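K.L.:
The structure under discussion is supplied below as structure tokens; questions concerning it will follow.
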Amino acid sequence: MRLDVVTIFGEYLQPLQLSLIGRARQQGLLDVRVHDLREHTHDRHRTVDSPPYGGGAGLLMRPEPWGEALDAVLADPPPGAGADGPVLLVPSPVGEVFTQAAAVELAAEPWLVFACGRYEGIDARVVEHYASRVRVREVSLGDYVLNGGEVAVLVVVEAVARLLPGVVGNAASLEQESHAAEHDGLLEHPAYTKPASWRGLEVPAVLASGHHAQVERWRRDESLRRTARRRPDLLRTLPPAACDAADLAVLATEGFVPGDAGGFRPGPAPVAD
Ligand code: SAM
């Protein structure tokens, strides 16, 4: 997978040399290229910002350096990029909230390009223009405001790259994690390792029982319970068809019942006529 990141703070992307991502780069699984937006300015001060039209606080990134920088990136596709070109990811608090499902979609792409905003963001015409040329996704890490898009790029790259074959040693572990579709999008159950007893806290006995089916049942129950208590919003998209009788019993105890439009909703089971 090729990743191009355009930024005024290339140093911010240095963590992409470390750990699993760094190793994936060394192995040739990831080709990460960081581009300095200021290389596409033409004044002595290498200016990339200007006050917003209409007034207001702060400065906005001007469209011309972005146009030049992104055109240069798009003019150099990786082999096998295909006619669709890259997905252009623009981190922004007004974007779609980035999820594991989005990470899975992006992991299937051969080429991602990132445009890191700073100041009060990027002139809106940049997204408008590139949306007519490539697939653009404005992505938000969540409902808060960061100083720049670089941190969002680190997050997205880490979430996407670990899904690529060969990046994470044990691929099966990806399927059992929180938010994985294979795990019905639920939160992961609590997990324990040695020692069996620590500071008066014991590992649940079932986990050391060696009884595989009981371990799996315990994990599923805990997953459902945790999700119901911490992220009940995730149950709205849990298909009742994916649940067996034991799942339904746990969810009912937590106060969730199958909804009319699929998923689960809070409340007691409707009384039958
Ligand atoms: N004026 C913008 C607004 O109110 O929507 C905020 C701009 S923010 C200070 C500067 C840059 O940080 C954005 O262009 C974006 O690249 C990045 N950023 C800030 N919050 C973000 C978030 N929640 N998710 C992703 N990127 C974010």
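K.L.:
Just to be sure I understand the filter: pairs with C-beta atoms under 9 Å, separated by 6 or more residues or on different chains, first member in the stretch 94-122 and farther than 21 Å from Thr7 by Cβ, second member open to solvent by 40 Å² or more (accessible area, probe 1.4 Å) and hydroxyl-bearing (Ser, Thr, Tyr). Which pairs pass?
P.N.:
Going by the 9 Å Cβ cut-off, the qualifying pairs are Gln100/Ser178.
K.L.:
I've got another one for you. Inspect all residues belonging to the stretch 44-56 and state whether any of them is out of contact with any His (no Cβ under 7 Å at 6 or more places or on another chain) and closer than 22 Å to Val151 by Cβ.
P.N.:
Yes, that holds for at least one residue.
K.L.:
A further question on this structure: Within the stretch 18-39, is even one residue polar (S, T, N, Q) and under 20 Å from Val90 (Cα atoms)?
P.N.:
No - not one qualifying residue is present in the stretch 18-39.
K.L.:
Right, next: Check Leu234 against each of (1) touching a Ser or Thr at 6+ places or on another chain (Cβ under 8 Å); (2) at positive phi and name the one condition it does not meet.
P.N.:
Unmet for Leu234, out of (1) touching a Ser or Thr at 6+ places or on another chain (Cβ under 8 Å); (2) at positive phi: (2).
K.L.:
If Ala180 passes every condition in (1) more than 16 Å from the ligand (Cβ to nearest atom); (2) exposed (fewer than 12 other Cβ atoms within 10 Å of the Cβ); (3) among the hydrophobic types (A, V, I, L, M, F, W, C) but one, which one does it miss?
P.N.:
(2)
K.L.:
Identify, by number, the condition in (1) surrounded by 12 or more Cβ atoms within 10 Å (Cβ to Cβ); (2) more than 23 Å from the chain's Cα centre (by Cα); (3) within 16 Å of the ligand (Cβ to nearest atom); (4) touching a residue at least 24 places away in the same chain (Cβ under 8 Å) that His40 doesn't meet.
P.N.:
His40 satisfies every listed condition except (3).
K.L.:
Can you pull out every residue in the stretch 152-202 that is modelled with pLDDT under 95 and touching a Lys or Arg at 6+ places or on another chain (Cβ under 6 Å)?
P.N.:
Val168
K.L.:
Would you be able to tell me the number of residues in the stretch 217-268 that are touching a Gly at 6+ places or on another chain (Cβ under 7 Å), of a type outside the set (Val, Ile, Thr) and open to solvent by 60 Å² or more (accessible area, probe 1.4 Å)?
P.N.:
4
K.L.:
Could you grab me the full set of residues in the stretch 124-154 that are closer than 19 Å to Thr47 by Cα and either small (Gly, Ala, Ser) or away from the ligand (no atom under 11 Å from the Cβ) (or both)?
P.N.:
Matches in the stretch 124-154: Ala124, Arg125, Gly148, Gly149.
K.L.:
Here's something else I'd like to know. In the stretch 27-37, which residues are surrounded by 15 or more Cβ atoms within 10 Å (Cβ to Cβ) and either within 14 Å of the ligand (Cβ to nearest atom) or part of a loop (DSSP other than H, G, I, E, B) (or both)?
P.N.:
Residues satisfying the conditions are Leu29, Leu30, Leu37.
K.L.:
Next question, about the same structure. Among the residues of the stretch 43-77, which ones are in contact (Cβ under 8 Å) with a residue 24 or more places away in the chain, surrounded by 11 or more Cβ atoms within 10 Å (Cβ to Cβ) and within 14 Å of the ligand (Cβ to nearest atom)?
P.N.:
Once the filter is applied, which keeps residues that are in contact (Cβ under 8 Å) with a residue 24 or more places away in the chain, surrounded by 11 or more Cβ atoms within 10 Å (Cβ to Cβ) and within 14 Å of the ligand (Cβ to nearest atom), the stretch 43-77 yields Val48, Asp49, Pro52, Leu59, Leu60, Met61, Arg62, Pro63, Trp66.
K.L.:
From the residues in the stretch 78-93 that are at pLDDT below 95 and more than 12 Å from Leu3 (Cα to Cα), which one is nearest to the ligand (Cβ to nearest atom)?
P.N.:
Going through the qualifying residues, I end up with Asp84.
K.L.:
With the requirement that a residue be of a type outside the set (Val, Ile, Thr) and crowded, with 17+ Cβ neighbours inside 10 Å, what does the stretch 122-137 give you?
P.N.:
Asp123, Tyr130, Arg137
K.L.:
Mind checking which residues of the stretch 96-120 are within 11 Å of the ligand (Cβ to nearest atom) and open to solvent by 20 Å² or more (accessible area, probe 1.4 Å)?
P.N.:
Within the stretch 96-120, Glu96, Val97, Phe98, Arg118, Tyr119, Glu120 qualify.
K.L.:
Next question. Can you list residue pairs whose Cβ atoms sit under 6 Å apart, with the first residue in the stretch 133-157 being on the phi < 0 side of the Ramachandran plot and the second being outside any loop (DSSP other than H, G, I, E, B) and near the ligand (Cβ under 6 Å from one of its atoms)? Count only pairs 6 or more apart in sequence or on different chains.
P.N.:
Glu138/Ser92; Val139/Pro91; Ser140/Pro93; Leu141/Ala152; Val145/Pro93; Gly149/Pro91; Ala152/Pro91
The values are calculated or read from the model by the stated rules, or taken from the named source; none is laboratory data. These numbers come from a predicted model, not from an experiment. Cβ coordinates were reconstructed from backbone atoms using ideal geometry, including for glycine residues, and neighbour counts include every protein chain displayed. Ligands, DNA and RNA are excluded from the accessible area calculation, which covers all protein heavy atoms including side chains. Shrake-Rupley method; radii C 1.70, N 1.55, O 1.52, S 1.80 Å.
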